[in-house]
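Student: First the structure, then my questions, so here it is.
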Amino acid sequence: MSVFTMPSLGADMEAGKLVEWLVKPGDQVRHGDVVAVVETQKGAIEIEVFDDGIVERLDAELGQTLPVGAALAEIRSIGEAAAAAPAAQPAAEVVEARMPAAAPTPVLTPAPTASPPKQRVAAGLGASPAARARAAELGIDLADIKGSGPGGAIVLADVTAPATEPAPTSAAPDRGAFIAEMRRAIAAAMTRSKREIPHYYVTHTVDLGAAMAWLDAVNAGRPPEERLLMGALLMKAVALAAASEAAFNGHFGPEGFHPTERVHLGLAVALRGGGLVAPAILDADRLSLAALMGAMRDLTARVRAGRLRSSEMNMATLTYSGLGETGVESMAGIIVPPQVALVTSGAPQPMALVRDGAVVARPAVTFTLAADHRVSDGRLGARFLSEIDQRLQSPEAL
Amino acid sequence: MTHDEIRRAFLEELTHVAPDLDAATIGGGDHLQDDLELDSMDILNLVIALNARFGVAIPEADYRRIATPDLAVAYLAEKTAKPAGTGG
């Protein structure tokens, strides 16, 4: 028998509200199955199970706000006899008492007027963050709304005020409070990161002349769905560098740093109205550029619709955050625990570089590495950025 | 297709790519990236959707011509009106 607990949803999300069970006692589950949906400030997240077995008992109720580690269900191994009587009391209540201090005003608590969510059988309750905020404002249960977005996700347009519009009460969390709560959670996580991780920074500007020329040639004549963006090339170069420099890829736990061979590269995606989320693309170093590009497009679409999976939220071994195609020259970031490095880049743009003793205008991008002094130092950090540079000089090999 | 029909279809695809946008509050002059905060990945997803809907494969050089809903409607009207265009 194993207790299935609320998984980590990333350093800046310490709790989620259970809005849907997709399994019931007696159901067989396998590693990777989505068994529940929780609602967070960053959209709905599908919770995956990590054991094979039979669902013995559900320990958490719909509508409960559950911190990471709270018991959700008991899973019995196949072949194991069913338990006689549940001895342990549902752990959710116990752990709720020690809700992290990072959330002084639990925004995920339902509005006082809201009725308890209904048990649903529909597959999924994805909703965009804006739709969630609007529904909360109007006091509408998301379970009562039919979604028209990708994968049936509830989008803003689906959330309409009921005919007999209840006057929005001041108790209902509005969008401003929702965002304020997310900012507080981000601030708490980043403060902890800066307190615990001795950061150092290394910066390097990379000539993108070769990459840009290759990209233009490759994209010319391709239909839109086959086009690549420079962001995919930068991402792939970071992933390949991470695969060869172990000190930047992995997790720092209570026993110290555990480098990992697989590169699950987190991609930071800015949320409209503020905040960001950095779900992981698994094995990013082994994906072809086309596959990586497809994964980045899919991830961005699911961030917008609020349909991310728990494994994507906690498996990143390193994070990359780019400023897209337009914007400022560079950006330095704060490492997302338990990772030990963060690679950021400014917008690719023409810059004055020196070639053969003369100043020339070249397309270029400036990378900044934030890394953990407990694991590495500047010399190694410089080598890591040089590796990214070298990879980008041979774009056809990416 | 009339301009109104094109606008409705464009806004439908836009709010599909960015479901957290409210079609009712999008202005014709709103810049997709600067005002509506679409990133380059969103823009590509939109271009793919517009290609599927209108049969217009917008080249990267023309992205500035769909930078706002007003611009995009005019651009799509022009491209779909051509007799040589694909099926419009």
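The values are calculated or read from the model by the stated rules, or taken from the named source; none is laboratory data. These numbers come from a predicted model, not from an experiment. Quick reminder, even Gly has a Cβ in these numbers, built from the backbone with ideal geometry, and neighbours come from all protein chains shown.
Student: Suppose we filter the range B:23-77 for residues that are among the small types (G, A, S), in a helix (DSSP H, G or I) and away from every other protein chain (no Cβ under 11 Å); how many remain?
Tutor: Residues that pass the stated criteria total 3.
Student: For residues that are of a type in the set (A, V, I, L, M, F, W, C), closer than 22 Å to A:K146 by Cα and part of a loop (DSSP other than H, G, I, E, B), tally how many sit in the range B:1-22.
Tutor: The total comes to 2.
Student: Tally time: how many residues in the range A:351-398 are assigned to a helix (DSSP H, G or I) and surrounded by fewer than 20 Cβ atoms within 10 Å (Cβ to Cβ)?
Tutor: Total satisfying the criteria: 12.
A quick yes/no check of all residues on (1) closer than 26 Å to B:Y63 by Cα; (2) hydroxyl-bearing (S, T, Y):
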site: A:F257; (1), (2): no, no
site: A:G266; (1), (2): no, no
site: A:G273; (1), (2): yes, no
site: A:M296; (1), (2): yes, no
site: A:A301; (1), (2): yes, no
site: A:S311; (1), (2): no, yes
site: A:I334; (1), (2): no, no
site: A:A347; (1), (2): yes, no
site: A:D356; (1), (2): no, no
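Student: If the requirement is being of a type in the set (A, V, I, L, M) and within 19 Å of A:T300 (Cβ to Cβ), which of these qualifies: B:V47, B:V73, B:V56?
Tutor: On the way: B:V73 fails: within 19 Å of A:T300 (Cβ to Cβ); B:V56 fails: within 19 Å of A:T300 (Cβ to Cβ).
The unique qualifying residue is B:V47.
Student: Quick one: count up the residues across the range A:137-146 that are at negative phi and either away from every other protein chain (no Cβ under 14 Å) or modelled with pLDDT of 75 or more (or both).
Tutor: 5
Yes or no, residue by residue, for (1) under 30 Å from B:D42 (Cα atoms); (2) without any contact (Cβ under 8 Å) to a residue 12 or more places away in the chain:
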site: A:V206; (1), (2): yes, no
site: A:R222; (1), (2): yes, yes
site: A:L229; (1), (2): yes, no
site: A:E245; (1), (2): no, no
site: A:G250; (1), (2): yes, no
site: A:G253; (1), (2): no, no
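Conditions (1) within 14 Å of chain B (Cβ to nearest Cβ); (2) at pLDDT below 95; (3) touching a helix residue (DSSP H, G or I) at 6+ places or on another chain (Cβ under 6 Å), marked per residue:
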position: A:P198; (1), (2), (3): no, no, no
position: A:T203; (1), (2), (3): no, no, no
position: A:D207; (1), (2), (3): no, no, no
position: A:M212; (1), (2), (3): yes, no, no
position: A:R222; (1), (2), (3): yes, yes, no
position: A:E225; (1), (2), (3): yes, yes, yes
position: A:A232; (1), (2), (3): yes, no, yes
position: A:S244; (1), (2), (3): no, no, no
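Student: Quick check on my filter: what residues within the range A:10-45 are under 14 Å from A:V68 (Cα atoms) and touching a Lys or Arg at 6+ places or on another chain (Cβ under 9 Å)?
Tutor: Within the range A:10-45, A:G10, A:A11, A:D12, A:M13, A:V38, A:E39, A:T40, A:I45 qualify.
Student: Would you tally the residues in the range A:301-326 being within 14 Å of chain B (Cβ to nearest Cβ) and either of a type in the set (D, E, K, R) or more than 27 Å from A:E245 (Cβ to Cβ) (or both)?
Tutor: 10
Student: Now for a different question. What number goes with the only condition from (1) at pLDDT 95 or above; (2) surrounded by fewer than 20 Cβ atoms within 10 Å (Cβ to Cβ); (3) in a helix (DSSP H, G or I) that A:L240 does not pass?
Tutor: Going through the list (1) at pLDDT 95 or above; (2) surrounded by fewer than 20 Cβ atoms within 10 Å (Cβ to Cβ); (3) in a helix (DSSP H, G or I), A:L240 breaks only (2).
Student: Test A:G294 against the criterion of being within 12 Å of chain B (Cβ to nearest Cβ), surrounded by fewer than 21 Cβ atoms within 10 Å (Cβ to Cβ), under 20 Å from A:G324 (Cβ atoms) and modelled with pLDDT of 95 or more, and give yes or no.
Tutor: Yes.
Student: When you check A:G273 against the structure, is it within 14 Å of chain B (Cβ to nearest Cβ), surrounded by fewer than 23 Cβ atoms within 10 Å (Cβ to Cβ), more than 15 Å from the chain's Cα centre (by Cα) and closer than 24 Å to A:F248 by Cβ, yes or no?
Tutor: Against the criterion (within 14 Å of chain B (Cβ to nearest Cβ), surrounded by fewer than 23 Cβ atoms within 10 Å (Cβ to Cβ), more than 15 Å from the chain's Cα centre (by Cα) and closer than 24 Å to A:F248 by Cβ), A:G273 does not qualify.
Student: To continue, here is another question. Of the residues that sit in the range A:327-350 and are small (G, A, S) and part of a strand (DSSP E or B), which one is surrounded by the fewest Cβ atoms within 10 Å (Cβ to Cβ)?
Tutor: Taking the range A:327-350 first, the residues small (G, A, S) are A:327, A:330, A:332-333, A:341, A:345-347.
From what's left, part of a strand (DSSP E or B): A:341, A:345.
On the way: A:A341: 28, A:S345: 25.
Once the filter is applied, the top-ranked residue is A:S345.
Student: Hey, among the residues in the range A:154-191 that are β-branched (V, I, T) and either at pLDDT below 50 or under 21 Å from the mean Cα position of the chain (by Cα) (or both), which one's surrounded by the fewest Cβ atoms within 10 Å (Cβ to Cβ)?
Tutor: Taking the candidates together, the pick is A:T164.
Student: A further question follows. Please state which one of B:A61, B:A9, B:A23 is modelled with pLDDT of 95 or more and of a type in the set (A, V, I, L, M, F, W, C).
Tutor: Answer to the check: B:A9.
Student: Quick check: anything in the range A:272-290 among the acidic types (D, E), closer than 28 Å to A:A185 by Cα and either outside the structural domain of A:L9 (by TED's automatic domain parsing) or touching a residue at least 40 places away in the same chain (Cβ under 8 Å) (or both)?
Tutor: At the first step, the residues of the range A:272-290 found to be among the acidic types (D, E) are A:283, A:285.
Okay, now just the ones that are also closer than 28 Å to A:A185 by Cα, so none.
No, every residue in the range A:272-290 fails to be among the acidic types (D, E), closer than 28 Å to A:A185 by Cα and either outside the structural domain of A:L9 (by TED's automatic domain parsing) or touching a residue at least 40 places away in the same chain (Cβ under 8 Å) (or both).
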